[in-house]
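One structure is given below, encoded as structure tokens.
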Amino acid sequence: MVLLVSLGLFVWSKATVDLASLQGEDLQKAVSAKRDLTVEDVHELQRRGEWKAVELAIESEKVKPTPDLFLEALQLGTSEVIRTYLQHGADPFAEVNGEPLMARVYGENADAEKWKVVNQEVDDDRLLVLAADALDMNAVTSLLDGGATIPVQAKESILYQPVRHNHVLLIERLIANGALWTSAHEQLAREFRSDAVLKWMNQH
């Protein structure tokens, strides 16, 4: 009886240990010992940059990935923690404050290691639209080379942002892969005074 009580107290103490006082391997052991974690626990781990502990928590399903947790990981985390989220139920097309999470991955100055993981883990042509909207030529090229196609419903709209931002090379790449140029794009170029696009129009 004494042995059972002692063992019970040991397990209880391991499960109730204060994560804030630990780091590194000790923290990871404490996370493993816990039955579950709260969303706030994981927020705190992510703010502290304890990404191995976060990976462990997600992999062992001690917390359900929420859009807010995943957004924080996308912004602050490593490419591997992003992979872990995607492999364990995080919705890549969830929105926070009306913006798709994946929109934070792409951009002209985006971290290529992060969007490469997303492109590997998420097989969905909607990524191509998000990458084009973010004017991320490298990510668009990677997706197209990987077999992505422009969704039918986005064949015109995928060109709007490149037109607004005067990105002729991206426009040409998208048109070569099925995007449809229309009079609406011509009007948009005039409204935004996209000089490079206007010059390109006159040459075609």
Legend entry - ³J(HN,Hα), Karplus 6.51/-1.76/1.60, whole Hz, each residue of region 192-204, x for Gly, Pro: 8, 6, 7, 4, 5, 5, 4, 5, 4, 4, 5, 8, 10
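Excluding the sites themselves, what is the longest stretch of the chain that contains no trypsin sites (Lys or Arg not before Pro) in a DSSP loop with at most 15 other C-beta atoms within 10 Å? Don't skip to the answer; put the middle values down first.
Values: sites that count: 35, 48, 193.
That gives 49-192 as the longest site-free run.
Find the all-direction average of the projected area of the Cα convex hull for region 77-152, expressing the result in square nanometres with one decimal place.
Values: hull surface 19.9 nm².
Dividing the Cα hull surface by four gives the mean projection, 5.0 nm².
May I ask for the longest run of the chain untouched by GluC sites (Glu not before Pro) that are loop-located per DSSP and have at most 13 neighbouring C-beta atoms (other than their own) within 10 Å? Intermediate values should be presented prior to the final figure.
Details: sites that count: 61, 108.
Value returned for the longest uninterrupted segment is 109-204.
Report the FRET efficiency, 1/(1 + (r/R0)^6), for residue 91 and residue 160, where r is their Cβ-Cβ distance and R0 is 22 Å, rounded to 0.05.
Details: r = 25 Å, r/R0 = 1.15.
Efficiency, rounded to the nearest 0.05: 0.30.
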Inset, instruction - Go through 34/64; 52/114; 29/62; 114/155 and tell me which ones have a Cα-Cα distance over 20 Å in this structure. - result: 114/155
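Given only helices, namely DSSP H runs of n ≥ 4 each adding -39500 (n - 2.57), what is the per-residue ellipticity at 222 nm of the chain, to the nearest 500 deg cm²/dmol?
Numbers: 13 runs with 120 residues, N = 204.
About -17000 deg cm²/dmol.
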Legend entry - Hz values of 3J(HN,Hα) by residue in region 154-167 - Karplus curve (6.51, -1.76, 1.60), Gly and Pro given as x: 10, 4, 9, 5, 5, 8, 4, 5, x, 5, 4, 9, 6, 9
Inset, instruction - Mind listing the long-range amide H neighbours of residue 96? Cut-off is under 5 Å, sequence gap 5 or more, other chains count too, H placed in the peptide plane at 1.01 Å from N. - result: 101
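No value in this document is a laboratory result; all are computed from the given coordinates. Just so you know, these numbers come straight off a predicted model, no measurement behind them. Ideal geometry is used to build each Cβ from the backbone, glycine not excepted, and the neighbour counts take in all protein chains shown.
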